[in-house]
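Take a look at the structure set out below.
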């Protein structure tokens, strides 16, 4: 029985020693900057700057992708009629409602207005929308 107690004390001492070792080794963290060496502080500051720079780069790429999806890719040959800038105009294909379609109006009269529920009266026209990144104007071709 005395030998068992000695064994338990030795194991407990070993566990406590391992815990103290890991505590002392890994206590240099952001929550305790006063125990960091100047090199560790510089490394942490550089890591924080790198993370901020990466976040800013990611946000900028997202904004560029969002702008391109909204206004289309740049058309390098097109010149803005408002500011005369070449290479800053984005174009994309759009569909725009334009006036009343004669055929749809006739069909609405013949069907008692039921065809209007599915088709409406306006006709749609395919256009090209242009947007100048320099002056911000948008127009249709």
Contact list, first residue from region 124-140 and more than 12 Å from residue 80 (Cα to Cα), second anywhere and in a loop (DSSP other than H, G, I, E, B) and at pLDDT below 85, beta-carbon distance below 6 Å, six or more apart or interchain, is 128/141
When restricted to 59, 45, 54, the only residue modelled with pLDDT of 90 or more, farther than 27 Å from residue 89 by Cβ and under 32 Å from the mean Cα position of the chain (by Cα) is 54
Within region 80-135, restricting to residues that are surrounded by 12 or more Cβ atoms within 10 Å (Cβ to Cβ), at pLDDT below 80 and assigned to a loop (DSSP other than H, G, I, E, B), the one that is farthest from the chain's Cα centre (by Cα) is 101
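Residues are listed down the side, and each one gets a yes or a no for (1) touching a strand residue (DSSP E or B) at 6+ places or on another chain (Cβ under 7 Å); (2) more than 30 Å from residue 139 (Cβ to Cβ); (3) exposed (fewer than 10 other Cβ atoms within 10 Å of the Cβ):
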residue	(1), (2), (3)
46	no, yes, no
60	no, no, no
67	no, no, no
78	yes, no, no
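The values are calculated or read from the model by the stated rules, or taken from the named source; none is laboratory data. Keep in mind it's a predicted model, so treat the numbers as computed, not measured. Ideal geometry is used to build each Cβ from the backbone, glycine not excepted, and the neighbour counts take in all protein chains shown.
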